[in-house]
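These notes are about the structure you will find just below.
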There are 2 protein chains.
Amino acid sequence: MKPGRLILMPNTLDFGVDDSLDLREVLPQRVIEQAARLGHWAAENAKTTRALLKRVDAVSPLAQPLQALQIAELPRPPKGGKPAADDSPAWRALLAPALAGHDVGLMSEAGLPAVADPGARLVALAHEAGIEVVPLSGPSSLLLALAASGLNGQSFAFVGYLPVDAAARGARIRELEQLSAKAQQTQLLIETPYRNEAMRQALVGALKATTRLSISVGLTLPGGWTRTATVADWKRRADALPDRIPAVFALLA
Amino acid sequence: MKPGRLILMPNTLDFGVDDSLDLREVLPQRVIEQAARLGHWAAENAKTTRALLKRVDAVSPLAQPLQALQIAELPRPPKGGKPAADDSPAWRALLAPALAGHDVGLMSEAGLPAVADPGARLVALAHEAGIEVVPLSGPSSLLLALAASGLNGQSFAFVGYLPVDAAARGARIRELEQLSAKAQQTQLLIETPYRNEAMRQALVGALKATTRLSISVGLTLPGGWTRTATVADWKRRADALPDRIPAVFALLA
């Protein structure tokens, strides 16, 4: 039997902010239609996957009722502990429908699956199992922030989250600034929204005055914005970043 | 007067391959409609921008005839020479319609503008001039390749093109492999399509047998594919990469 495919389904960027926005602002029509056809899902979070599929249904009716869809969550590491010595069987089980001939969609809580989220493991297992992987076009807050920053788009890196401890965070910021200066490489990072303003202050406090810092808030959302300026300029601005809307930070030294 | 905005308009990924594909596979409906409304454009290439706008017109009729649109190309460095000492006036001229109150679209030949192309300079000047920058959702071959690779999506870098000289290229590949091993950072790179196969051979020749290499060819195009395997596995495959279709290479040591 021909195996099904692993379809990487983009999500919107309005997670936790406003789910009443028009899906057609950020997802291509044919991608929405493909989501409507899938009967099997692997999800970072089943609840948010169902929420997106309800919005899909309003644009392109689902082939099966929402209740009939198989939505399985990605394994999570046990709380406070290490992952099981080998949790591969739990991951591989998510690919069983594909091995039985069905396409399986992979969806994360926001943006492209397997970018800045745990889904990459499933994609790697799909390659090992000879399952075709098909990425569908959709929004990535990281790349939208990079494009809107005006910083170097020919060389850039995404480094994820920084340490929470103030001293370690400051050291990491200065390390990223040195990396950026050496390779003229834009460094992109993210933070949980309620720490957005603390991150801005840490960056402005640790970076050199001439380093350029770009902050994007609420990309693709109404009222979203991107601002790029030198750290010296940012220091003159007292207005705090919002604490419930996702932000992306980019710097170029 | 309120200035217009700089709208970052994504292009398809089928540049030079097949422009008969359905725009709605990769671009959101509302993004296509916004493209149809813009009267002023800054373009990496005016011809390919007009070609895309013809396809836009077929989905969402243009507000003005194609001939009436103002499409200005980004300044190019003089052939074989350095850029002029200060070519900022030529760049700033592209923003004149925005300063006069009109929205200006920025479009590159493929994917998101200002990512892996010269448009970032215009975005930076827009920020300096206080012009709002609005990035619209669309496909990025780099991020689609990353998502489909199954390699680390929590830490990654795009390093552009490698040196053409064989010795310098080999040294750069080994340097990227060390960087990748040290930071567990996926390294993404691109090549002009006619050198795709030469790049594959250079990577397979220079990387360690256990390093994982992912190659994506023709993303979002019919027949496009992504394959991720160890370098040892790639060595056993003799089939050459196509020489007219864009590819993205990713490695994780």
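Values in this text are rule-based calculations from the coordinates and carry no lab data. Note that the structure is predicted; figures quoted are calculated from it, not measured. Neighbour counts run over all protein chains shown; Cβ positions are idealised from the backbone, glycine included.
Please check which bits of the range A:91-108 a label hung off residue A:37 would reach, taking the label as a point 7 Å along Cα-to-C-beta and the cut-off as backbone N under 19 Å.
Residues A:97-107 qualify, since their backbone N sits under 19 Å from the label point.
Go through A:145, B:10, B:201 and say which Cα lies farthest out towards the positive end of the charge dipole of the protein assembly as shown; charges sit on Cβ, +1 for Lys and Arg, -1 for Asp and Glu.
Positive-most Cα among the choices belongs to B:201.
Measuring from the axis that superposes chain B on chain A, report the chain B residue with the minimal C-beta distance, rounded to whole Å.
It is B:157, 2, counting Cβ atoms only.
When a/c reaches 1.5 or more, the comparison of a/b and b/c decides; with that in mind, is the range B:64-181 rounded, prolate or oblate per its Cα gyration tensor?
In terms of gyration-tensor shape, prolate.
Restricting to the protein assembly as shown, what percent of DSSP beta bridges are antiparallel, rounded to 5? Walk me through the intermediate numbers first.
Values: 36 of 70 bridges.
Beta bridges within the protein assembly as shown, antiparallel portion: roughly 50 percent.
Just tell me how shielded A:103-115 is by partners: mean number of partner chain Cβ atoms within 10 Å of each residue's Cβ, no decimals.
Mean partner-chain Cβ count within 10 Å for A:103-115: 3.
Quote the charge dipole size of chain A about the Cα centre in Debye, to the nearest 20; the model charges only the Cβ of Lys and Arg (+1) and of Asp and Glu (-1).
480 debye
Just name one of A:130, A:188, A:217: the one whose Cα is farthest towards the positive end of the charge dipole of chain A (beta-carbon charges, Lys/Arg +1, Asp/Glu -1).
Projecting each Cα onto the dipole axis, the largest value belongs to A:188.
Normalising by the residue count of chain B, find the relative contact order in percent from Cα pairs under 8 Å and 6+ residues apart.
23 percent
Size of the protein assembly as shown along its principal axes in angstrom, Cα-based, largest extent first?
The principal-axis extents, from largest down, are 61, 48, 48 Å.
For each of B:188, A:94, count neighbouring Cβ atoms within 10 Å of the residue's Cβ, then give the residues from fewest to most.
Going from least to most buried by this count: A:94, B:188.
Report, in degrees rounded to the nearest 10, the 0 to 90 angle that the Cα long axis of helix B:196-206 makes with the longest principal axis of chain B.
So the helix axis and the longest Cα principal axis differ by about 40 degrees.
In a shell of Cβ-Cβ distance under 15 Å around residue A:232, excluding residue A:232 itself, what net charge do Lys and Arg (+1) and Asp and Glu (-1) give?
+4
Per-residue Cβ counts within 10 Å, from other chains only, averaged over A:237-250: what number is that?
0
Every other copy gets compared here: list the nm distances from the residue A:64 label point (7 Å along Cα to Cβ) to its counterparts, shortest first, one decimal.
Shortest to longest, the spacings are 5.1 nm.
Report, by chain and number, residues whose modeled amide H sits under 5 Å from the one on residue B:106, excluding near sequence neighbours (fewer than 5 apart, same chain).
Under 5 Å from the amide H of residue B:106: B:7, B:8, B:9, B:42.
Where Lys and Arg each count +1 and Asp and Glu each count -1, what net charge lies around residue B:93 among other residues with Cβ under 12 Å from its Cβ?
Counting the neighbours of residue B:93, the net charge comes to -1.
Shortest first and in nm to one decimal, what separations exist between residue B:77 and its copies in the other chains, measuring from label points 7 Å along the Cα-to-beta-carbon line?
Its label point is 4.4 nm from the equivalent points in the other copies.
Averaged across the residues of A:123-134, what count of C-beta atoms belonging to other chains lies within 10 Å of each residue's C-beta?
Averaged over the peptide's residues, the number is 5.
Taking residue B:160 in one copy and the same position in all the others, each labelled 7 Å out along Cα→Cβ, what are the pairwise distances from the first, in nm, shortest first?
Nearest to farthest, the other copies are at 2.7 nm.
Give me A:104, A:56, B:164 sorted ascending by neighbouring Cβ count inside 10 Å, so fewest comes first.
Ascending Cβ contact count within 10 Å gives the list B:164, A:56, A:104.
Using the Cα centre as the reference, give the magnitude of the dipole from point charges on the C-beta atoms of the protein assembly as shown (Lys, Arg: +1; Asp, Glu: -1; all else neutral), rounded to the nearest 20 debye.
So the dipole magnitude of the protein assembly as shown works out to roughly 820 debye.
Using 21 Å as the Cα-Cα cut-off, could you pick out the over-long pairs in A:2/A:47; B:182/B:235; B:208/B:235; B:182/B:208?
A:2/A:47; B:182/B:235
For the range A:167-235, with only Lys/Arg (+1) and Asp/Glu (-1) charged at the beta-carbon, what is the dipole magnitude about the Cα centre, in debye rounded to 20?
So the magnitude is around 140 debye.
To check you understand DSSP bridge types, tell me what percent of the beta bridges within chain B (both residues inside) are antiparallel, rounded to 5.
Once the DSSP bridges in chain B are tallied, antiparallel ones form about 50 percent.
Can you tell me the orientation of helix B:46-59 relative to chain B, as the angle in degrees between its alpha-carbon axis and the longest Cα principal axis, to the nearest 10?
80 degrees
For chain B, what number results from the quotient of the Cα radius of gyration and 2.2 N^0.38 Å?
Ratio of Cα Rg to 2.2 N^0.38 Å: 1.10.
Applying 1/(1 + (r/R0)^6) with R0 = 45 Å to the Cβ-Cβ distance of residue A:58 and residue B:197, what FRET efficiency is obtained, to the nearest 0.05?
0.45
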